[in-house]
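Visitor: Below are the structure tokens for one structure; questions will follow.
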Amino acid sequence: MSLLLRKALCFLMCILLLLPFAAIGASALENEEVYVDSEVVTMLRYPVDGISSAYKSSAFSVRRFASSSPVAGETFTFYTLLDAKEKEMYNSILSQRAGLDCTPRGRVKIVFNEHKYSNTNYNQMLLAVKKSLLFVLSALKEDHPEFFFIWGYSDFAVSTSDYTFQNLRYTLNSFTFDVYENTDAYPGWASVESNYNMLLDAVADFKVAGNTRYEKVKSIHDSICNQVNYDMDVNDETKRNQKDFDPTSVFCEPYLTVCEGYSEALKMICDREGIPCITVVGDGGGPHKWAYVQMEDGKWYGMDVTWDDQEGVMMYDFFLSGSETKNVFFDGNSFASLHVPTGEMFVNAKCLTYPELSATSYVGAICAPNSKSTFDVPTSRMFISKNAVLNEQLVATSRYAEHMPDDHTVTVSGETTGASVTVTTVNANTKDYTVIRWGDINADNSVDRSDYEQIGSVLDGSGTIAGGTPSFYAADFDGDGVIDAFDLYYLDAYLNDCIDR
């Protein structure tokens with residue numbers, strides 16, 4: 001074969017090899033987008049209207065996923081479950097407020113600055129990106145319930161300017177997708193943003209009582225239960241509240257919601273208060289959603305506000321429960337047997353994983369009849385009011401409700417400042433508290449003039465109260481670690497019933 005003929009054949013082979021890519025390029029130049037998938041991918045919905053006999057007898061099959069749980073004490077977000085490329089996607093969507101700051105609204109463009117998707121197969125690369133996008137949307141939606149309008153995505157698009165092809169390898173630099181929102185509840189993006197702003201304002205204005213984390217969590221739980229009702233028409237598209245899957249349903253009329261609304265509203269308010277809280281999806285005798293709250297001991301506890309909000313009565317059967325905590329007023333089964341996390345937000349997508357739940361319910365939650373008690377769990381101190389009755393009849397329950405049966409044993413040593421209370425759970429876990437009776441500095445079981453004079457002696461230099469002692473904490477009314485004139489002022493007001501403790 002002549003050299004000229006060989007060169008001609010080589011040239012022809014090169015032309016044939018390049019033809020597919022030339023066709024792609026020509027198509028792209030004529031109509032920029034070379035790949036558009038208009039399929040609508042939506043999230044699973046999780047309504048369960050309460051525990052019925054059907055749920056009680058259900059056999060739950062636990063689905064196991066690779067553990068990504070943090071150690072006790074670490075702050076948990078679903079963002080931590082993502083890889084580097086997915087985190088870049090997450091941050092990009094977050095910076096655009098999930099479509100609110102896009103033009104047109106809802107059309108999000110992801111640009112990879114550092115971590116990119118690459119593959120020798122174009123279709124496999126796009127498949128990997130779409131699977132990651134579902135995982136990212138799951139994590140973002142759970143970390144930020146204010147983006148209630150994320151119901152999925154549609155119109156995933158990649159153009160020739162979005163990828164490069166070099167050395168027989170495709171590398172994705174960017175892509176776009178449309179946020180799929182609930183147009184039945186929010187007709188247009190102006191309505192979405194209006195409800196978004198309303199939601200943020202309502203969460204900011206939500207009243208939370210209490211000083212300790214426990215008191216605040218109980219206040220949030222009770223207020224949500226008192227504010228809303230479960231939407232019993234959730235399965236009737238013509239009657240149900242169209243917002244009942246979103247946290248907006250908790251804060252606006254007609255105040256009808258389902259498990260997603262309950263749990264996401266709880267998380268948003270806990271987030272505002274700096275209380276670690278995550279929402280959990282899974283099997284509750286059917287698709288269901290609830291929450292985990294992390295207390296000061298670093299452990300996570302189960303919260304199901306939906307099931308606690310029964311018609312005509314508020315329960316505490318699923319309040320700061322451990323995995324083995326058995327409910328009282330329903331079927332006596334454990335929290336874990338009725339709440340099986342799956343982490344499945346989309347069909348055929350990667351699933352979220354969750355921190356390990358404490359085996360027992362939160363120990364610090366106990367109350368005494370005719371008294372006000374506050375528990376500082378990390379420091380093991382129990383603060384009681386000046387008129388509190390502290391004796392062996394102390395009612396102990398993990399649910400802070402006097403009508404509930406006891407599920408703890410309580411041992412009391414003494415009645416006032418410096419005494420101790422030991423709480424033993426049904427699982428034989430114990431917690432010791434040092435009693436501090438507000439204002440009873442001299443520990444004579446009475447808050448009176450002599451206690452006032454003792455603070456006065458510290459101020460004029462004639463007396464002292466040793467730091468770190470029970471008497472010191474009884475005198476330090478404002479909790480600033482110093483006994484000063486402010487504490488004297490507060491004790492005076494306390495003696496005269498002008499302030500409460």
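The values are calculated or read from the model by the stated rules, or taken from the named source; none is laboratory data. Quick caveat, the model's predicted, so the values are computed rather than measured. Every residue, glycine as well, gets a Cβ built from its backbone with ideal geometry; the counts of neighbours run over all protein chains shown. Accessible surface is based on the protein model in full, side chains and every heavy atom, while ligands, DNA and RNA are left aside. Shrake-Rupley method; radii C 1.70, N 1.55, O 1.52, S 1.80 Å.
Visitor: Assuming S321 fulfils every condition listed in (1) open to solvent by less than 10 Å² (accessible area, probe 1.4 Å); (2) of a type outside the set (D, E, K, R); (3) modelled with pLDDT of 95 or more apart from one, which condition is it?
Guide: Tallying (1) open to solvent by less than 10 Å² (accessible area, probe 1.4 Å); (2) of a type outside the set (D, E, K, R); (3) modelled with pLDDT of 95 or more, S321 fails exactly one: (3).
Visitor: Filter the stretch 483-492 down to the residues that are surrounded by 13 or more Cβ atoms within 10 Å (Cβ to Cβ) and aliphatic (A, V, I, L, M), then identify the one that is farthest from the chain's Cα centre (by Cα).
Guide: L488
Visitor: Out of N442, N427, N391, which single residue is within 32 Å of the chain's Cα centre (by Cα), assigned to a loop (DSSP other than H, G, I, E, B) and either surrounded by 14 or more Cβ atoms within 10 Å (Cβ to Cβ) or modelled with pLDDT under 80 (or both)? Before the answer, list the steps.
Guide: Values: N442 fails: within 32 Å of the chain's Cα centre (by Cα); N391 fails: within 32 Å of the chain's Cα centre (by Cα).
The unique qualifying residue is N427.
Visitor: So which residues in the stretch 243-287 are open to solvent by 20 Å² or more (accessible area, probe 1.4 Å) and closer than 16 Å to F147 by Cα, if there are any at all?
Guide: K243, F251, D271, R272, listed by residue number.
Visitor: Could you identify the single residue in Y262, Y292 that is closer than 22 Å to F206 by Cβ and in a helix (DSSP H, G or I)? Break it down into steps so the answer makes sense when it comes.
Guide: Numbers: Y292 fails: in a helix (DSSP H, G or I).
Just one listed residue meets the conditions, Y262.
Visitor: Is it true that S450 is closer than 21 Å to M382 by Cα, over 41 Å from the mean Cα position of the chain (by Cα), hydroxyl-bearing (S, T, Y) and open to solvent by less than 50 Å² (accessible area, probe 1.4 Å)?
Guide: The answer is no for S450.
Visitor: Additional query: Could you run through the stretch 156-200 and say how many residues are part of a helix (DSSP H, G or I), more than 16 Å from R97 (Cβ to Cβ) and open to solvent by 20 Å² or more (accessible area, probe 1.4 Å)? Write out each step before concluding.
Guide: So in the stretch 156-200, the residues part of a helix (DSSP H, G or I) come out as 160-162, 189-200.
Those still in the list that are more than 16 Å from R97 (Cβ to Cβ) too: 160-162.
Going one step further and asking which of them are open to solvent by 20 Å² or more (accessible area, probe 1.4 Å), we end up with 160-161.
Number satisfying all stated conditions: 2.
Visitor: Are there any pairs with C-beta distances below 7 angstrom linking a residue in the stretch 174-203 that is within 28 Å of K85 (Cβ to Cβ) to a residue that is assigned to a helix (DSSP H, G or I) and among the hydrophobic types (A, V, I, L, M, F, W, C), with the two at least 6 apart or on different chains, and if so which?
Guide: What qualifies is F175/V129; F177/L133; V179/A98; E181/V192.
Visitor: Filter the stretch 427-459 down to the residues that are in contact with a strand residue (DSSP E or B) (Cβ under 9 Å, 6 or more places away or on another chain) and among the hydrophobic types (A, V, I, L, M, F, W, C), then identify the one that is farthest from E324 (Cα to Cα).
Guide: V447
Visitor: Which condition from (1) at pLDDT 95 or above; (2) among the aromatic types (F, W, Y); (3) under 30 Å from Y301 (Cβ atoms) is the one that F175 breaks?
Guide: Of everything listed in (1) at pLDDT 95 or above; (2) among the aromatic types (F, W, Y); (3) under 30 Å from Y301 (Cβ atoms), F175 misses just condition (3).
Visitor: OK, next. For the stretch 173-188, name all the residues that are over 22 Å from L44 (Cα atoms) and touching a Gly at 6+ places or on another chain (Cβ under 6 Å).
Guide: None - no residue of the stretch 173-188 is over 22 Å from L44 (Cα atoms) and touching a Gly at 6+ places or on another chain (Cβ under 6 Å), so the list stays empty.
Visitor: Suppose we keep only residues that are within 24 Å of the chain's Cα centre (by Cα) and of a type in the set (G, A, S) within the stretch 97-134. Which one would you say is surrounded by the fewest Cβ atoms within 10 Å (Cβ to Cβ)?
Guide: Checking each candidate, the answer is S132.
Visitor: Test L168 against the stated conditions and say whether it is hydrophobic (A, V, I, L, M, F, W, C) and at positive phi.
Guide: Working: hydrophobic (A, V, I, L, M, F, W, C): yes; at positive phi: yes.
Answer is yes for this residue.
Visitor: Hey, another quick one. Hey, among S223, S194, which residue is of a type in the set (S, T, N, Q) and under 20 Å from the mean Cα position of the chain (by Cα)?
Guide: Values: S194 fails: under 20 Å from the mean Cα position of the chain (by Cα).
After ruling out the rest, the residue left standing is S223.
Visitor: May I ask you to list pairs of residues, at least six apart or on different chains, whose Cβ atoms are under 6 Å apart, with the first in the stretch 450-476 being more than 17 Å from W438 (Cα to Cα) and the second being at pLDDT 90 or above and hydrophobic (A, V, I, L, M, F, W, C)?
Guide: Within 6 Å, the pairs are V458/I465; V458/I483.
Visitor: Output the number of the condition that K216 fails; it satisfies all remaining conditions of (1) assigned to a helix (DSSP H, G or I); (2) crowded, with 23+ Cβ neighbours inside 10 Å.
Guide: For K216, the failing item is (2).
Visitor: Also, I was wondering about something else. Taking the stretch 219-242, which residues are surrounded by 23 or more Cβ atoms within 10 Å (Cβ to Cβ) and assigned to a helix (DSSP H, G or I)?
Guide: I220, H221, I224
Visitor: Could you pull out the residue among L137, L94 that is assigned to a helix (DSSP H, G or I), touching a residue at least 24 places away in the same chain (Cβ under 8 Å) and buried (at least 16 other Cβ atoms within 10 Å of the Cβ)? Don't jump to the end; show me each part of the working.
Guide: On the way: L94 fails: buried (at least 16 other Cβ atoms within 10 Å of the Cβ).
Just one listed residue meets the conditions, L137.
Visitor: Is it true that V108 is modelled with pLDDT of 95 or more, over 14 Å from E86 (Cα atoms) and in contact with a helix residue (DSSP H, G or I) (Cβ under 6 Å, 6 or more places away or on another chain)? I'd like the intermediate steps shown before the answer.
Guide: Values: modelled with pLDDT of 95 or more: yes; over 14 Å from E86 (Cα atoms): yes; in contact with a helix residue (DSSP H, G or I) (Cβ under 6 Å, 6 or more places away or on another chain): yes.
When the stated conditions are applied, V108 passes them.
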